[in-house]
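Chemist: Here it is, the structure in full.
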Amino acid sequence: MMLSMRYYLAICMALCLWLDVDALGQDGLEVLRNLKNYDSIYEAGFTVSGTRKCPEHLILGQVIINVERKWRLAFEGGRCAYLMEIVEYEKPKFMDPKGRDRGSLTQDGWLMLSLHTRQWGYWGADVSGNHYEDTTIKVSPDNQVVEVGGNIHNSLLFDPKDAGPNAPKCAILWSLGRFFSKLIDEVTLVKESSDGRITVSALGRKEEGEHGRWELEIEPAPAWMVREARFYSDAKPDVISCEMKNSGTVWSGSYCIPGNAVFNYGGPIKDARVRGDVEELTFDPVIEQFDEKVYEGARQAVTKDRPPKLTIHDFRVSPMLVYQPDELAERALDIASDSISESTPPEDKLVDANKAVAKAENEGTRTSGPNVSATRPSTSPSTGPSVQSAPVSPVPQRPWYLLPAEWSVAVLILAVLTAGCACFFLFRSQKS
C-alpha cells in the first residue's frame, strides 16, 4: 500500500512538473512572438527625433562636461543613420593636463579642447561608421572660454556588422523599448507581476561575440514595450554590463514610444550617474516615415565627403589605418613634381646641349662632301641671317652583286617551276 502511494505521488509530481515546463515553454514562445510582431512594425521603417543629454569626456577623460544635443534617427531594416547636433554645453574649467596631454597647452598657457559639435552615424550594406565635426575651444587659466573655429573632421570606418559604432544607435533603439527580440535566442523564465508587467529572463547577446542573459520587464498594454532591460555577460554573470529604463507612453499612429529614458551601454545606470556615463533621452511625440535625406546625408558624411583637416580611422584593416587625405594629396603632388624635375634637365644643361648640337653641325659642315649644301647662319653684323636648308645625305648606290628588280622576279618564278617539276617526278618514281 505504501509503495503504491509513493509511485502515485511520484507520478503526480512528474506530471505537474511536466505541465509547468510545458506552460513555461508556451509562455516563453508567446512572449518572444509578441515582441517580434511589434518590432516588425518598426523594422518596416520609421524616423524618430529627440534630445540627448550626456557627459562628454575630453582629453582622455581628464575634463568632463555636460552636453545636450538634438538628434534625428532613420531606420529601415538593414539601413540606419542618425545626425546629432549640439544645442548647448557646460563651459569647461581650466585644468593642468598630465603626462603626454600637456601638449594641449598653448605657449601662453591656454588649454585647447575639441568638442563634437556635429556627429553622423551610418550603417549600410558595404560599410558602417561615424563622422565627427569638432570645434576647437580654448580655456584660459582664469576659466575664460573662447571658440577658436576652424572645424576638425574625423571619420571612423567599420565593417557593416562591426559593433564598433553601435553604442549611439543602440541607445536610441533600445530606449524605445524595441528590437530586443533580435537579441534573444531563448526565453527561460516568464513571471507576471502585480502591476501588469511581465518579467522575462532570456539567453541572448548584447552584440556579436558577447553572449549572456537578458532580464526584461515588459508592459503588454503599450504594444509590448520593454520598460526595463539589463544584460549580464557570460564572462561576468553577476555584473550588469548594459541597462535601460524608460517611462511615459506616446502613441503616434501605429507606433507607441516612451516619453523619456535613461541608458548606459557599458554598465549599470546607478554607477553611471557617479562616473558620468549615463545618457538621458527624450523622444519627440511624432514618428515619421523613413527619412532618405538623413540617411543619404550620413552616408555622404561618413564615406564620401573629404573636407579639409579630415583624418580617417579605418578599422576594416588590422592594424587600424589612420591617414589624412590632404597629406596624401600633397605627397602625391610632391612626388609628381620631383619626377618631372628629374626627367627634365636644368636650363644650364639645356644650354650645354644646344652648344654641343651647334658644334656638331659646324663640324659636319666642314667635313661634308660636295652634295651637302647646308651652312651655319652668318652672325656677321654686316649681313643678316641667311635662309638654311637641311643637310642632304648622299644617295646610296646598289651593290654590283644585286640583280635589277625585273630580273629578280623572273629568276624567282623559274625557281618555283623547277622545284615543282622536281617534286612531281620524284613522287612518280617512288610510286612506280
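Chemist: Would you list, by chain and number, the lysines whose Cα falls below 18 Å from the Cα of residue 169, excluding same-chain residues fewer than 8 positions away?
Modeler: List returned: 53, 70, 161, 182, 206, 245, 293.
Chemist: Could you give me the percent of Cα pairs per 10 Å distance bin for region 175-264, shortest bin first, beginning at zero and ending with the bin that holds the maximum distance?
Modeler: Over region 175-264, the share of Cα pairs per 10 Å bin runs 17, 49, 29, 5, 0 percent.
Chemist: Enter the Cα centre distance for the pair region 101-142 and region 172-241, rounded to the nearest angstrom.
Modeler: One Cα centre to the other: 35 Å.
Chemist: Ok, one more. Using all Cα-Cα distances in region 231-297, what percent lands in each 5 angstrom bin from 0 up to the longest?
Modeler: Taking every Cα pair in region 231-297, the percentages come to 4, 15, 17, 14, 16, 15, 11, 7, 1.
Chemist: Additional query: Report the label-to-label distance for residue 305 and residue 91 in nanometres (one decimal), using points 7 Å from each Cα along the Cα→Cβ vector.
Modeler: In this crude label model, residue 305 to residue 91 measures out at 3.0 nm.
Chemist: In whole angstrom, how far apart do the alpha carbon centroids of region 39-55 and region 278-320 sit?
Modeler: If we compute the Cα centre of each part, the gap is 14 Å.
Chemist: Given R₀ = 25 Å, FRET efficiency for residue 210-residue 43 by Cβ-Cβ distance, to 0.05?
Modeler: FRET efficiency, residue 210 to residue 43: 0.65.
Chemist: As an exercise, find the ratio Rg/Rh for region 55-147 from alpha-carbon atoms, using the Kirkwood inverse-distance average for Rh.
Modeler: A ratio of 1.09.
Chemist: Near residue 69, within a Cβ-to-Cβ distance under 15 Å, what is the net charge of the other residues, with Lys and Arg +1 and Asp and Glu -1?
Modeler: Here the count lands on -4.
Only the coordinates and a few stated rules stand behind these numbers; no lab work does. The structure displayed is predicted, hence computed values, not measured ones. When we count neighbours, we look across all protein chains shown, and the Cβ atoms used for this are built from the backbone with ideal geometry, even at glycine.
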